[in-house]
Amino acid sequence: MARKGVHVKIDELKSDFGLLKNFELSVGRVIEEKWTEPMGPTPFPSVIALRDWDMKLLQRYRPFYLPYCDVCCLCTFGKCDLTQDKRGACGLNMASQQSRIVLLACCIGAATHIAHGRHLVEHLIEKYGRNSPLDIGGLNIDIEAPVTRLVCGIKPEKLRDLEDVLDYCEEQVTRLLSSTHTGQEGSNLDFESKVFHAGMVDQVGMEVADIAQISVLGFPKADPEAPLADLGFGIADVSKPTILVIGHNVPSSVGIVDYLTEKGLAGKVEVVGICCTAHDITRYNSMAKIVGPISWQLRYIRSGLADLIVVDEQCIRADTLIEAQKVKTPVIASSEKNCLGLENRTETPPEKTIADLVENRVPGVLILDSDKVGEVAVETVIKVAPKRGKFKIIPEIEKIIEAAKECTECNECRRACPNDKPIPEAMKAAAKGDLNPLAEILESCVGCARCDSACPNDFPLHSFIVKAGEEKLWKEKFKMRVGRGAIQDVEIRNVGQPIVLGEIPGVIAIVGCSNYPQGGEEVAEIAEEFAKRRFIVVTSGCAAMSMAMVKDEEGKTLYEKYTGAFDAGGIVNVGSCVSNAHIAGAAIKIANIFAKRKLRANYEEIADYIHNRVGAVGLAWGAYSQKAAAIASGFWRLGVPVVVGPHGSKYRRMLLGRQDKPEDWYVLDARTGDKVYVGPAPEHLFTAAETKEEAIVLLAKLCMRPNDTSKGRAIKLTHYVDLHRRLFGSLPSDIHLFVRNNTDIPITMRDEVVKVLEEKGWQEQMIPDPTLLPRLVREKKG
Amino acid sequence: MSAKEESWQRAEIAGPKKALLILKPEVVGAMVKKAKRPILVVGHLAAEEYSKSVRMIDYAVRIGKATNMPVVATAHTVNEFIKEGFPATSMSAMDIGSRLADSEWKGLDGGGSYDLALFMGLPYYMEFVILSGLKHFSTNLKTISLDRFYNPHASWSFPNLSVKDWKENLETILAKLGEDRKDVNV
C-alpha cells in the first residue's frame, strides 16, 4: 500500500565508509506492495478519466431537467433569466445551470462524507495510533475496502493508509467544485459526468469513514446476527437523567458512553440518539438507544425529555440551541462544522464548564475533544436533570382548544407544510374538542415546523400536533438490528450466482432520509413486500429506522421477522449513512469474487458488469439532503438505478431511459462483438415515483438486467407482472419489451402474456453476454 | 381566496415568466377545442376525495369522454380509471413529463407531438417541477393546470380556489366542451 511522509534523520553515523553528519531524507511516498493483482487502467482516476463511461450511460439515460428556479443568482452579473432558451450573462443555459446545481449538491454531499471520514481517521489515529489495523470482518472478509480498491487501486491495511485515500478524495472534490465557478464548464453532459465523479469519490469517502470506525471502535464486523437495539420515542427510562445525541459523527457519543462506563454510571444515565449518530453509538455499545429518524428532533426536544443535548454534525436542526433553551436544556456542540455560535470551551477545565452549564450561565458550549465532551455531558446532565424536572413546552389540551378557537383558518400553515397537510381543518375540529385530526397529521409529519413559522398568530402548531398524537408516540417501542457493516465474502459467494442469473430476483437497497410523503410506514411496507418475495433487502440510515417502526399482529418488527443475512428474504441493516458504501461494495464484490473480474483500479469494467448483470436498485423514499444526492450519484456511475420519493423530484434532474427508442437498448455481445437489442433493462438510472404503489412496481421492473437467464427473467417477470396486476389493476403494457424468448415467459402467466406478445407483434431475441465496452469483446468482427 | 398569481405552497416561487390566471374558464374550453393534439395528465390525488361529493377523477373521465383526448394516468391511478371503465394510458409522471418535453416525440399513438397538455391531481410540488421542465424545454407545448391551486410554471393556471369555485369552473369548461352543465353541490 502506498503511504506518504517518510522522514529519516541521522545526526551522526560512523561507518567504514566515513562519517555522516546531519543527514536528513524526506520521501513523499513509499510503495509497500502486498497486493499482487496488476494495477488496472484507472488508479486514482482524474475528473475526466471515466468520462467515456459516463457518456455511455448519459446517452441512454438522458437528463430530464426540472428547474426549481428560473434564474441564476450565483454571480454579480445576475440575476439572469434563463427561461426557455435564454442564456445568462456568462453564456450558460438552463440545462447547464441545472446540471451545475446538481453538481454543487453532490460536491456538498461528498465533501460532507469525506470531511466526516477525515475527522474520524484523524481522531482514531490520535487515540489508537496510525498503525491500527483495518479489520471489518476478520476471516470472513478478504476484500476489506472494495470501493477504495476499485477506485484507487490500493489495498488499505492500516488507519494510516486511509490518509492517502482521503487526500485523493479531497483533491477531487476541490477540482469538481472549481468547475462550477462562473466561466468554467459549459456543457450540461460534462457537468453530469462530474456529478458521477463526485458520487464515486463520495462512496470512497464513506467507505473510509465506516471501515475506520468499524475496525477501531469494535462495531459489529459484518455480522448477520448483529444485536437488536431499542428504538422509539417511548424507549428510554426518562425518569433518569437523559442525554440526547444528534448527528452523524460518533466520537463525542463514544466519549459519553466511555465516561459512563469508566465511572460506573452506566445504569444511571440514559443515552438516546437521533439520526446516524444513534445508529453508530448502538453499534458501539448496547447501553445506547435510538429515538428515531431526523424528523423526531423537535418532538423530542420540545417534549422536554432530554436533559442535555450533544450535537455533532450533519442533518441537525439549525435552531437546536433555540429550541433547547425553551426547555432549559443545555447544548454541547462537538464539531467544528456546527459550532452554533457557542463559546469554545475545549481548553477550559471541565469543572468550570460544568458549573456554567448547570447554573445556566451559558446556554451551551463548544467542545472539540470527545473525552472532554463525555465528562462534561455526564457530569452536567446528572446535575441539570433534577433542576429541569423534564420541563417541556408541549401544551396541555385545554391550551390547544383555546388556541384553535382563535384560528382563522387562513391556510398559511397548510401552505407552508411540505405535505400539504390539512392543519386548518384539524384546528377547526380541535376547537370543538376533537384532536384526532391533529393526531392523524403526526403520522405523516416530517417535523419541519414550517407551520409554526407561518402561523400569523404564532401558535406552536407542531407542538399542538405532537400533543395530539402523544399517546401513540409514547407507545413507540421497537427493535432494530444494529448496523452490521459490510457483507461477508462468503455471503457474496453464496448469492453471487443466483443474483447474476436472476434467480434471486434482485437486491433492493432502501436507504436515505425521512422526508416521506405519507410517513415512514410506507418504507416498512415496501421492505416487507420485497423480503416476502425473497429479494435481498438492504437498508441504512433513517430508512433503516423507519422500517423498524411497524409491528405485526404478534408485536414483531421486520428485524425480528427476517434474517439479517445477505440472502434471499433478508433485511440487512448495514448501518449509518457512511455504511452505504458497503451496499456498493457488495455489488462490486459480486463482480470480483463471484465473477472473477479484476478489481484493482478497474472501475469501468466492474461498473459495466454491475450495470448489465447485478439486479440491484436503490430506493431513497425520503431523500432530502445533498448527501443523499451524492450517494445516489455514486450508484449511477456504477450503473445502479435509484428511485426517490415524490419530494426527490426537487433534485432538479432525472436520468430517464426511453423504452420507445429501441436504438438506445443495444449492447455488445462480448462473445462476438454483435450489437444485440436487450430491451430497456434497467429502464431508468434516476427517477422519482409519485406513490408507494408506483415505487414497488418500478423497483421490481428495474431489477431486470440483460444478462438474466431465462429462468431468472421469468422469476423477475413474475414479480413485475404480479405486482402490476395487484397495484395497477392490469397487466403491464410493456411486458413484450422484457420477454426475449419463450422460456422467459412465467409459466403461470403464459396464456395472458402470450396474448399480449401476439398483439404487440413480438419477436424472439437472443440473450447476449452483454457489455457496453468494445474492449471487452473477445472476438472482434472484421 | 383571492384571484392572485400566488403559489399555493408559499415558497414555490417562479418567474419572471409565470402562469396566466384562468379567470374565465370558458377560455380553457376554447383552448382545448382549438388545440390540434391535446392530452390530459392525471395524478394519483385525483382519486382522493376533495369533499364528500367531489372526486377529481370524475372530471378527468368526463373531460376525456367529452373531448376524446388521450388521458395519461400517472403512478397507480390507472387502477381507478379501470374501475370507472375509462381507457387511460398508464405512464409515470416523470416519463410523460420527459416525453412531452421532447419535441420529436410522436405521442402515445404515433400521430405527432402534442400542442396542449392539461394537468390535474399530481402532488403540488411534483407538478410544479414537471411544469417547469416543460416551460423551459418543450418547444411547442402549452400547459394548463386544472388543479384547485395556482401552479406558476404552467402556461395557464386556475388561481387558488375553493372547492365550490373549482367545481364550477370545471363544469363551465365541460359545458364549453359540449357536455350538459350539472349543478354544483359541495
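Summary table below
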item: Radius 13 Å from Cβ of A:THR718, net charge of other residues (Lys, Arg +1; Asp, Glu -1); result: +4
item: Simple Cβ-charge dipole of the range A:233-388, Lys/Arg +1 and Asp/Glu -1, about Cα centre, in debye nearest 20; result: 620 debye
item: Global geometry of the range A:397-459, whether rounded, prolate or oblate, following the gyration tensor of its Cα atoms and the 1.5 cut on a/c; result: oblate
item: Descending semi-axes in whole angstrom, ellipsoid equivalent of the range A:45-115, from the Cα gyration tensor; result: 25, 17, 11
item: Within the protein assembly as shown, percent of DSSP bridges classed antiparallel, to nearest 5; result: 35 percent
item: All lysines inside 22 Å of A:LYS701 as judged from Cα atoms, apart from same-chain residues fewer than 8 positions distant; result: A:LYS56, A:LYS532, A:LYS661, A:LYS692, A:LYS711, A:LYS716, A:LYS755, A:LYS760
item: Where N is the number of residues in the range A:509-658, Cα Rg divided by 2.2 N^0.38 Å; result: 1.05
item: Rounded, prolate or oblate (a/c below 1.5 giving rounded, otherwise prolate when a/b exceeds b/c) for the range A:49-166 by Cα gyration tensor; result: prolate
item: Rounded D (µm²/s) - the range B:98-143, Kirkwood Rh over Cα pairs, Stokes-Einstein at 37 °C, 0.692 mPa s; result: 300 µm²/s
item: Accessible area per residue in Å² at 1.4 Å probe, computed on the protein assembly as shown; result: 36 Å²
item: A:THR42 - accessible surface, heavy atoms, 1.4 Å probe, Å² rounded to 10; result: 20 Å²
item: Shielding by partners, peptide A:392-404 (average Cβ within 10 angstrom, other chains); result: 0
item: Under 13 Å, Cβ to Cβ, from A:ALA426 - net charge with Lys/Arg +1 and Asp/Glu -1; result: -1
item: Charge context of A:CYS106, other residues only, Cβ under 12 angstrom, K/R +1, D/E -1; result: +4
item: Selection from B:GLY110, A:ASN419, B:VAL163, by position along the positive dipole direction of the protein assembly as shown (Cβ); result: B:GLY110
item: Whole-Å distance, taken between Cα centres, linking the range A:362-434 and the range A:191-252; result: 27 Å
item: Shape call, chain A: gyration tensor on alpha carbons, a/c limit 1.5; result: oblate
item: Cα Rg, Dmax, the range B:38-176, angstrom units; result: 13.9, 42
item: Sequence-distant lysines (8 or more away, or on other chains) whose Cα lies within less than 21 Å of A:LYS21; result: A:LYS9
item: The range B:55-97: equivalent-ellipsoid semi-axes (sqrt of 5 x gyration tensor eigenvalues, Cα, Å); result: 16, 12, 9
item: Reach of B:LYS17 by Cα under 14 Å, taken over aspartates and glutamates that are not fewer than 8 positions away in the same chain; result: A:ASP70, A:ASP81, A:ASP85, B:GLU5, B:GLU6
item: For the range A:233-388, share of DSSP beta bridges that run antiparallel, in % to the nearest 5; result: 5 percent
item: Percentage relative contact order, chain A, counting C-alpha pairs under 8 Å, at least six apart; result: 14 percent
item: When the range A:233-388 is reduced to its Cα atoms, the Kirkwood hydrodynamic radius in Å; result: 14.7 Å
item: Simple spin-label estimate for B:GLU5 and A:LEU19 in nanometres, 7 Å along Cα-Cβ; result: 8.9 nm
item: Computed [θ] at 222 nm, deg cm²/dmol, chain A (DSSP H ≥ 4; -39,500 (n - 2.57); rounded to nearest 500); result: -12500 deg cm²/dmol
item: Listed residues A:GLY712, A:CYS407, A:GLY496: farthest to the positive end of the dipole of chain A (Cβ charges); result: A:GLY712
item: The range B:38-176 - share of DSSP beta bridges that are antiparallel (%, nearest 5); result: 10 percent
item: Whole-angstrom gap from the range B:86-156 to the range A:568-628, using each part's C-alpha centre; result: 34 Å
item: Per-pair calculated FRET efficiency, R0 = 30 Å: A:ASP458 and A:GLN518 via Cβ, rounded to 0.05; result: 0.55
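The values are calculated or read from the model by the stated rules, or taken from the named source; none is laboratory data. For clarity, every value in this text was computed on a predicted model and none was experimentally measured. Glycine also receives a Cβ, built like all others from the backbone with ideal geometry; neighbour counts cover every protein chain displayed. The area values use the complete protein model at the heavy-atom level, side chains included, leaving out ligands, DNA and RNA. Shrake-Rupley method; radii C 1.70, N 1.55, O 1.52, S 1.80 Å.
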